[in-house]
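Read the structure below first, then the notes.
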Amino acid sequence: MKRTIIVTALGMVIAMQSANVLAGKQIYPGSMCVRWSADDVVPTLNHSRIFNTSSIKEMRVDCPILHQNFNSTFGNNLDDADIGVINGNPNIDATCWLASRHQDGSVILGSTDSRVTSGFGNHEQNLDFGGTSRNSGNWYYIGCLIPRSHNGQQSGITYYSGED
């Protein structure tokens, strides 16, 4: 009986560790994004998506990507990331960037890769990023400038994702 419990428990631990290494693409709702500062537009929540209801200011947000794979044998890079954006403003493109950052003393270093929406409307546009390499201790996020509303049409973020 004891042996069965120990073998079962060991099997569960191995399965959980394997699941962490092979977690694959993580998809996050737009509501996981946070505004840059207290002076920025407060996102409006709608079905776990966020929208900019301001007709005056762009909405600035960061969308954190959780790092799942810390095992250097299987790789330490972010392999893929994308974000779903609705751009309701015909005059301003939404701009998003994938950022990989790490801190060296008091200095923050890293890389950035930008994408912009193409056109406008109430449809979702997928901004697809490739991967990005990392140094030890990196963190990842997708930052965005989301256009202000135009004639009642709002812009926002529906989801974002990352895979390492």
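We did not get these values from a lab; they are worked out from the coordinates using the rules stated. Quick caveat, the model's predicted, so the values are computed rather than measured. Note that each Cβ is placed from the backbone with ideal geometry, even for glycine, and that neighbours are counted across all protein chains shown.
Things to note:
- From most to least packed by mean Cβ count within 10 Å, the peptides 100-110, 43-53 give 43-53, 100-110.
- Shape box of the stretch 96-164 [Cα atoms, principal axes, largest first, Å]: 47, 25, 16
- Spacing of the two label points (7 Å from each Cα toward its C-beta) at His150 and His67, in nm: 3.8
- Annotation: peptides 79-86, 147-154, 56-63, ranked by per-residue average of other Cβ atoms within 10 Å with the highest first, follow the order 79-86, 56-63, 147-154.
- Counting 0.36 nm for each residue step from His123 to Val107 and taking away their Cα separation leaves a gain of 1.8 nm.
- Distance between modelled label sites at Asp79 and Ser55, nm, 7 Å Cα→Cβ extension: 4.7
- Within the shell defined by Cβ-Cβ distances under 10 Å, the residues around Asn126 carry a net charge of -2, with Lys and Arg each +1 and Asp and Glu each -1.
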